[in-house]
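Structure first, commentary second.
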Amino acid sequence: SVPDPAAGQAVRAADRAHVFHSWSAQGLIEPLPVAGGEGSYFWDYDGNRYLDFSSQLVNTNIGHQHPKVVAAIQEQAARMCTMAPGFAVDVRAEAARLVAERTPGDLDKIFWTNGGAEAVENAVRMAKLHTGRPKVMSTYRSYHGHTAAAIHITGEPRRWANDTGAAGAVHFFGPHLYRSHFYAETQEQESARALAHLEQTIAYEGPGTIAAVILETVPGTAGVLVPPPGYLAGVREICDRYGIVFILDEVMAGFGRTGAWFAADHFGVTPDLITFAKGVNSGYVPLGGVAISAEIAATFDQRPYPGGLTYSGHPLACGSAVATINAMAEEGIVANAAQIGENVIGPALREIADRHPSVGEVRGMGVFWALDLVRDEETREPLVPYNATGAANAPMAEFAAACKRGGLWPFVNMNRTHVVPPCTISEAEVKEGLAVLDEALGAADAHTTA
Ligand code: PLP
């Protein structure tokens, strides 16, 4: 693409005049005008190209502009752009079949939504109607989306400003050995004590009041917190004991991100409901959904499900999901994510950590990794305070700016950077990106006590 700074300026001006951006003080942001993208890269109008180590919002699992998916969207648009959710439509049914085939257990019915938050909203609604109970339990260090139920069960600061009527959301601590709340020294202790803490919380809330426990299989935005052995199986067992619906939120972790179709596959657990979005079609057209167990689906066999969306199972979105899932299967994209994580990203990040006093912990799997940045490796004090803004966040802002100067688009959240490239990324691209990351970490090292 030929640089065109004047066109970039025009996009910037129109954006500033008329687009109201998410999660932002509108006067304090400078959105980068983007001209295009392909594969693992996107570029601006000034001739700068960025290797996308954030997969946008951790959703472009097959990279930008995958030719088979672009072609499928074009064909579907020519054939049938839209059709109301009450009709049986070929691509809607085929996409549901392809998802159901990949979900664990008997989660064989799909309710389609436009994205992740709506999937969470509907999963919570199904659990409450199925059990007749009012409350939902979720962890601190979680993000489940920004609609009413989804933001109330979210366990991080984006909830705070929305906490106006949060009845029914109960939070507890999930396992996180590096910053253990349970004085644990091993993964086994962390797992056992986190399960005991969950069970105690259920006892004090009243087991008969709890409709669901919802967990991100691998909490994503909260820091790629891979659960310790036995934890998810233990939650499954506790839910069964108290008749609680177990929901796994795989909006970020699903469709290849962890090197499996669903992250639940790594842990041998079958929840009652799975929420998904993002990677199901890499976000080429908005799409999400809930995969529903036979038992919960049966609740709504004779009784109407009181929920729906004009665009539920949108043909253009479902057509793109069919093409995405087929392309991922044909091209071994999930296997690529698994092997590149295990053989390239993981080992390289551990080497980088050894060189940098700012890297406290490396954790992850597949193309789903986090570096926990610290001021002091001994005390594990985070490089910036929890939810820091402005001057307090300067060390992370300097690190991110250094990445961008080097042509790398990083994912940054609080004191962490996540390495979350597309599942299609090549070894050469990983090495190119990690070389930039390695150098940029110098900016973080400068703020350590080392
Ligand atoms: N659940 C999880 C685990 C997520 O990571 C996200 C978004 O990042 C959501 C739900 C919300 O999805 P959406 O932004 O598509 O509504």
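If you go through segment 384-418 and pick out every residue that is under 21 Å from Y140 (Cα atoms) and under 22 Å from the mean Cα position of the chain (by Cα), you end up with 11.
With respect to the conditions (1) within 16 Å of the ligand (Cβ to nearest atom); (2) among the hydroxyl-bearing types (S, T, Y); (3) buried (at least 24 other Cβ atoms within 10 Å of the Cβ), S358 falls short on a single one, namely (1). The residues of segment 219-250 that are among the aliphatic types (A, V, I, L, M) and either crowded, with 23+ Cβ neighbours inside 10 Å or closer than 25 Å to N281 by Cα (or both), listed by number, are A222, V224, L225, V226, L232, V235, I244, V245, I247, L248. When segment 102-132 is filtered for residues that are closer than 22 Å to R92 by Cα and among the small types (G, A, S), the ones remaining, listed by number, are G105, G115, G116, A117, A119, A123.
Consider segment 76-120 and keep the residues that are within 16 Å of the ligand (Cβ to nearest atom), in a helix (DSSP H, G or I) and not β-branched (V, I, T). The one that is surrounded by the fewest Cβ atoms within 10 Å (Cβ to Cβ) is A117.
One line per residue, one yes/no per condition, for (1) within 21 Å of N114 (Cβ to Cβ); (2) more than 10 Å from the ligand (Cβ to nearest atom); (3) surrounded by 17 or more Cβ atoms within 10 Å (Cβ to Cβ):
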site	(1), (2), (3)
M252	yes, no, yes
G259	no, yes, yes
L273	yes, yes, yes
A277	yes, no, yes
V280	yes, yes, yes
A291	yes, yes, yes
A298	no, yes, no
Q302	no, yes, no
P306	yes, yes, no
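Within segment 162-210, the set of residues being assigned to a helix (DSSP H, G or I) and of a type in the set (A, V, I, L, M, F, W, C) comprises L177, A192, A194, L195, A196, L198, I202, A203.
Scanning segment 376-418 for residues that are in a helix (DSSP H, G or I) and farther than 16 Å from G442 by Cβ yields G390, A391, A392, N393. Of the candidates V218, V226, V213, V136, the single residue that is in contact (Cβ under 8 Å) with a residue 60 or more places away in the chain, touching a Cys at 6+ places or on another chain (Cβ under 7 Å) and either within 13 Å of the ligand (Cβ to nearest atom) or not in a helix (DSSP H, G or I) (or both) is V213.
Residue-by-condition table, conditions (1) over 30 Å from V359 (Cα atoms); (2) at pLDDT 95 or above:
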residue	(1), (2)
E101	yes, yes
G105	yes, yes
V136	yes, yes
R141	no, yes
G155	no, no
T164	yes, no
H171	no, yes
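Among the residues of segment 139-154, those identified as within 11 Å of the ligand (Cβ to nearest atom) and among the hydrophobic types (A, V, I, L, M, F, W, C) are A150, I151, I153.
Looking across E30, E38, one residue alone is assigned to a strand (DSSP E or B) and either of a type in the set (D, E, K, R) or surrounded by 21 or more Cβ atoms within 10 Å (Cβ to Cβ) (or both). It is E38.
The values are calculated or read from the model by the stated rules, or taken from the named source; none is laboratory data. Remember, it's a predicted structure, so these values are computed and weren't measured experimentally. Virtual Cβ from ideal backbone geometry, glycine too; neighbours counted across all protein chains shown.
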